[in-house]
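Data first, discussion second: the structure below is written as structure tokens.
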Amino acid sequence: MDFHGYTTGNFYDELINTDGEPRPDAQQLVEHINALPQHELRNRQKAAERALHQQGITFSVYGDKKGTEKIFPFDVLPRIITSNEWTSLELGMKQRIKALNLFIDDIYNDQKILKDGIIPKDLVLSSECYSPECQGLKPPKGIWIHITGTDLVRDNSGEFYVLEDNLRCPSGISYVLQNRSILKRTLPKAFAAMHARPVSDYGDHLYETLRHIAPAGIDTPNIIVLTPGIYNSAYYEHSFLAQQMGVPLAQGSDLTIIDDHVMLRTTRGFEQVDVIYRRIDDDYLDPQVFNKDSLLGVPGIMECYRKGNVALANAPGTGIADDKAVYAYVPQIIQYYLGEEPIINNVPTYICDDAKARDYVLANLDKLVVKAVNLSGGYGMLIGPVSTPAERAEFAAKIKANPRDYIAQPTLALSRTPTIIDDVIEGRHVDFRPYILYGESIFVLPGGLTRVALTKDSLVVNSSQGGGSKDTWVLGEAADTLNETHSSQATRGSGHA
Amino acid sequence: MLSRTANSIYWMSRYLERADNVARFIDVNTRLILDMGRARQDAQWEPLVLATGDEEEFKSRYTTFDEHSTVKFLTFDKENPNSILSCVQHVRENARTVREIISSEMWENINALYHLVRKHSRKREIDDLQKFLKQVHQATHLFAGLIENTMSHTESWHFARMGRLIERADKTARMLDVKYFLLLPTGETVDSLQDTVEWGAVLKSVSGFEMYRKQFHRAQYKNVTQFLILDEDFPRAINYCINMAARSLMIIVKSLEIENTASQAMSQFQKFLAGATIEDILAIGLHEFIDEIQLKLNTVDQCIYQSFFALKESEATAHKVDKQVS
């Protein structure tokens, strides 16, 4: 199995030029793969899958009563992001996160941006993701969005666009780290030769990010990860992150409130908790404030938070900037708070609440992607070009009934990248999710999750709908020719992974 | 550490030990049967179920105590909460909830055992029962090595060890009971050739024959009983298990500096065993003595639960707020 006979179709390909030659930065990788003995790549793919299975790196499928666990499909051919591409992505992500953080802080405090008429007031305040409960909150150090996993896509021209911001509880980072650790064993030589930038220190960065927001005067805070429990689809990630940071992994039932402090039930008695990386959605966080029926959260935790006795990451209320109709205004948000042009563009978005846009959307349902403003993960979505008339009629009715709940975007010809499909290498569509930490400064992990739609021609990359993942190599400098000193060091290093 | 986590690691360890011991039960029985006259083979499997204490459960779904039903009940019966399959599922479930506490190697070992047992459980018949039982033993031994060498010997490690030893003490006691049920020692049979062979099988099932021989040379009722209950050095002897569990408990209590009822219960148990001689045991009767041991084990287990795992809201003010990360 190799790259001979591989075609890019009419798509932008992450590794291969339209003339069928490897892109300069992917040259070494392609040559390495082509030089492998027959069946070797397939064997390595199988070995990687076995390793994932043995390590029990699985997710559970929602709606499956037996709690069936599946391996998140993994493709050993990495996706490459060049040093130049990364420089601009990194700047763009920092700019965007900084602006969105200012926006959220403004919305829950002075609402200047609404008063100045940059975004329609109704659009923001009518959002299901707007939490009146968060009005007046002042999170520690003014940071709301400590951990973000932004979804980026590339179109036919190779330009990156932001598709979704994911400012609440983005998942997937554990796969980034595990994919890397497996790929270092799968393609050690190619990895060593290409100087991909390391991602394994994410846990240290995350720990520092959380330590930064501890209540004043606490130098070594008690930090915990809060999970909904082992039946949550991302439980593996929650335990992985707790392990990476060496902090306890708690469930709501492990916590109680004493004198407006969050306390952990330990074998020693009660211990005060200072910082919580919570992987429970706002709705379930505190039944006294949000969803009254939640059994997952901690009753009274919001009061402790308001009093500054505990820090939460991410802060409650950040979903307001995740609303897909609000998303449409991010370019204006960046301009308003930073006075800058966005470095990474948005995908053009039609807000169905706007009568003119709605008419256009309804007339062009077969060409557009329609999304529910408050859903992610590929749920509540219509992909016009592959939809049936019945599906379009259903969405037309939904849009007319609740226009505020929908937006539409042109169907992008997502970029593709070579992927192992049975015994051949074929192009499959991908997106890219880098992870951003906002602590003392904004840090973008040089890597990320490349999700791949394994079904031929599919544009849906979500793991719940047949998507898989790949390792993403962000190259340090331009991939130079094999330098002996470098390569021997790198090979030694990779042996420890 | 979290009370819930301590509970999970304790039970992870207990269930793994239980799975291993159920495998040993089956093992001892199949060894015994090979050396038996045909007439007694038929009555052979019932005592096994009696000794596990799951007789009611068995009778609700099976009609006869034949080999096929009994082995199925003890290995892959999903509804039997103490079958090897159920135990291993509990082990993995508990391990999942403490995955950030245990080492990756330990987790992968448990995961591999789970997949092994699941794979066998889906087959209609076990093609090689002995091999399967041996694989379960091997995985448990591997785990014992991993926990020894890949995990810091802190509080959580001691909870795991305590769980393993308490479970083991219980199962060694039950193993002795299997033999007791099987063949009530009477004047004629005690220490006959037949009896010697059977006690040998019991010793082999706890990997103890070789160590036993170094002390007593011949497999005799009295000596085997003494060895498996009172020996201070053999790792499956009840006395050894309780002394080591007590040592772990002492270290836990010392590091936590909290009031607890488990220490007292444990030390009473230790004294009870230290004061017993084989003559006392035989005078009371082995079965009765084992009953007493099991009562004491239950008390210790209850006290451990109350002292460390079940932390009540009202105790909030009893403990002083401590900032240290466990």
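For A:PHE191, the requirement of being more than 30 Å from A:VAL347 (Cα to Cα), of a type in the set (Phe, Trp, Tyr) and more than 22 Å from the chain's Cα centre (by Cα) is met. Taken across the stretch B:106-120, residues that are more than 14 Å from chain A (Cβ to nearest Cβ), more than 19 Å from the chain's Cα centre (by Cα) and under 28 Å from B:GLU56 (Cα atoms) do occur, with at least one present.
Quick check on the stretch A:274-295. Is at least one of its residues part of a loop (DSSP other than H, G, I, E, B), over 21 Å from the mean Cα position of the chain (by Cα) and either facing another protein chain (nearest Cβ under 9 Å) or modelled with pLDDT of 95 or more (or both)? Spell out how you get there, then give the answer.
Of all residues in the stretch A:274-295, those part of a loop (DSSP other than H, G, I, E, B) come to A:274, A:279-281, A:286-295.
Imposing the further condition that a residue be over 21 Å from the mean Cα position of the chain (by Cα) reduces the set to A:274, A:286-295.
Keeping just the survivors that are either facing another protein chain (nearest Cβ under 9 Å) or modelled with pLDDT of 95 or more (or both) gives A:274.
The answer is yes; a qualifying residue exists.
Looking across the stretch B:69-111, the residues that are surrounded by fewer than 18 Cβ atoms within 10 Å (Cβ to Cβ) and within 25 Å of A:GLY229 (Cα to Cα) come down to B:LYS78, B:GLU79, B:PRO81, B:GLU93, B:SER103, B:SER104, B:GLU105, B:GLU108. Looking for something surrounded by 17 or more Cβ atoms within 10 Å (Cβ to Cβ), touching a Phe, Trp or Tyr at 6+ places or on another chain (Cβ under 9 Å), in a loop (DSSP other than H, G, I, E, B) and at negative phi - is there at least one such residue anywhere in the stretch B:42-57? The answer is yes; a qualifying residue exists. Residues being at pLDDT 95 or above, in contact with a strand residue (DSSP E or B) (Cβ under 6 Å, 6 or more places away or on another chain) and among the acidic types (Asp, Glu) are represented in the stretch A:79-101 by at least one member. Among the strands (runs of 3 or more DSSP E) confined to the stretch A:374-463, the ones with at least 2 residues that are modelled with pLDDT of 95 or more and within 20 Å of the chain's Cα centre (by Cα) are located at A:416-421, A:424-433, A:435-438, A:442-444, A:449-453.
Considering the conditions (1) over 26 Å from B:GLN294 (Cβ atoms); (2) within 14 Å of chain A (Cβ to nearest Cβ); (3) surrounded by fewer than 24 Cβ atoms within 10 Å (Cβ to Cβ); (4) of a type outside the set (A, V, I, L, M), B:THR63 is excluded by exactly one of them, (2).
Please specify each residue of the stretch A:200-233 satisfying the condition of being among the hydroxyl-bearing types (Ser, Thr, Tyr), within 13 Å of another protein chain (Cβ to nearest Cβ) and surrounded by 22 or more Cβ atoms within 10 Å (Cβ to Cβ). Quick ask: steps written out before the conclusion?
First pass over the stretch A:200-233, keeping only residues among the hydroxyl-bearing types (Ser, Thr, Tyr): A:200, A:202, A:207, A:209, A:220, A:227, A:231, A:233.
Right, trim to within 13 Å of another protein chain (Cβ to nearest Cβ) and you get A:207, A:220, A:227, A:231.
Residue satisfying the conditions is A:THR227 alone.
In the stretch B:53-81, which residues are in contact with a helix residue (DSSP H, G or I) (Cβ under 7 Å, 6 or more places away or on another chain) and more than 21 Å from B:LYS123 (Cβ to Cβ)? Correct list: B:GLU55, B:PHE58, B:PHE65. Taking into account only those residues within the stretch B:73-104 that are more than 20 Å from the chain's Cα centre (by Cα) and assigned to a helix (DSSP H, G or I), which is farthest from the other protein chains (Cβ to nearest Cβ)? Filtering first and then ranking leaves B:SER104.
Residue count for the stretch A:69-110, restricted to those that are in contact (Cβ under 8 Å) with a residue 24 or more places away in the chain and either outside any helix (DSSP H, G or I) or among the β-branched types (Val, Ile, Thr) (or both): 16.
Could you please give the count of residues in the stretch A:318-358 that are assigned to a helix (DSSP H, G or I) and polar (S, T, N, Q)? Before the answer, list the steps.
Taking the stretch A:318-358 and keeping what is assigned to a helix (DSSP H, G or I), we get A:318-322, A:324-327, A:330-338, A:355-358.
Checking the rest, the ones that are also polar (S, T, N, Q) come to A:318, A:332, A:335.
Of the residues in that region, 3 qualify.
Within the stretch A:301-317, identify whether any single residue is part of a loop (DSSP other than H, G, I, E, B), within 14 Å of chain B (Cβ to nearest Cβ) and under 24 Å from the mean Cα position of the chain (by Cα), and answer yes or no. Even if it seems obvious, please write down each step before you answer.
Going through the stretch A:301-317, the residues part of a loop (DSSP other than H, G, I, E, B) turn out to be A:307-310, A:314-317.
Now restrict to residues that are within 14 Å of chain B (Cβ to nearest Cβ): A:309-310.
Now narrow it down to the ones that are under 24 Å from the mean Cα position of the chain (by Cα): none.
Checked against the condition, which is being part of a loop (DSSP other than H, G, I, E, B), within 14 Å of chain B (Cβ to nearest Cβ) and under 24 Å from the mean Cα position of the chain (by Cα), the stretch A:301-317 yields no hits at all.
Looking at A:ASP75, A:ASP64, just one residue is away from chain B (no Cβ under 14 Å) and at pLDDT 80 or above, and that residue is A:ASP75. When A:GLU271, A:GLU303 are screened for being touching an Asp or Glu at 6+ places or on another chain (Cβ under 9 Å) and farther than 26 Å from A:GLY142 by Cα, only A:GLU271 passes. Residues in the stretch B:298-320 that are polar (S, T, N, Q) and at pLDDT 85 or above: B:ASN298, B:THR299, B:GLN302, B:GLN306, B:SER307.
Restricting attention to the stretch B:135-144, does a residue exist that is modelled with pLDDT under 90, assigned to a helix (DSSP H, G or I) and over 24 Å from B:VAL49 (Cα atoms)? No, the stretch B:135-144 has no match at all.
In this structure, is A:ASN34 touching a residue at least 60 places away in the same chain (Cβ under 8 Å), surrounded by fewer than 15 Cβ atoms within 10 Å (Cβ to Cβ) and either touching a His at 6+ places or on another chain (Cβ under 8 Å) or not hydrophobic (A, V, I, L, M, F, W, C) (or both)?
On the way: touching a residue at least 60 places away in the same chain (Cβ under 8 Å): no; surrounded by fewer than 15 Cβ atoms within 10 Å (Cβ to Cβ): yes; either touching a His at 6+ places or on another chain (Cβ under 8 Å) or not hydrophobic (A, V, I, L, M, F, W, C) (or both): yes.
The answer is no for A:ASN34.
Which residue is nearest to the other protein chains (Cβ to nearest Cβ), if the candidates are limited to the stretch A:235-268 and must be out of contact with any strand residue (DSSP E or B) (no Cβ under 7 Å at 6 or more places or on another chain) and assigned to a loop (DSSP other than H, G, I, E, B)? Among them, the one singled out is A:THR267.
The values are calculated or read from the model by the stated rules, or taken from the named source; none is laboratory data. Worth saying up front: this structure is predicted, and the values here are computed from it rather than measured. When we count neighbours, we look across all protein chains shown, and the Cβ atoms used for this are built from the backbone with ideal geometry, even at glycine.
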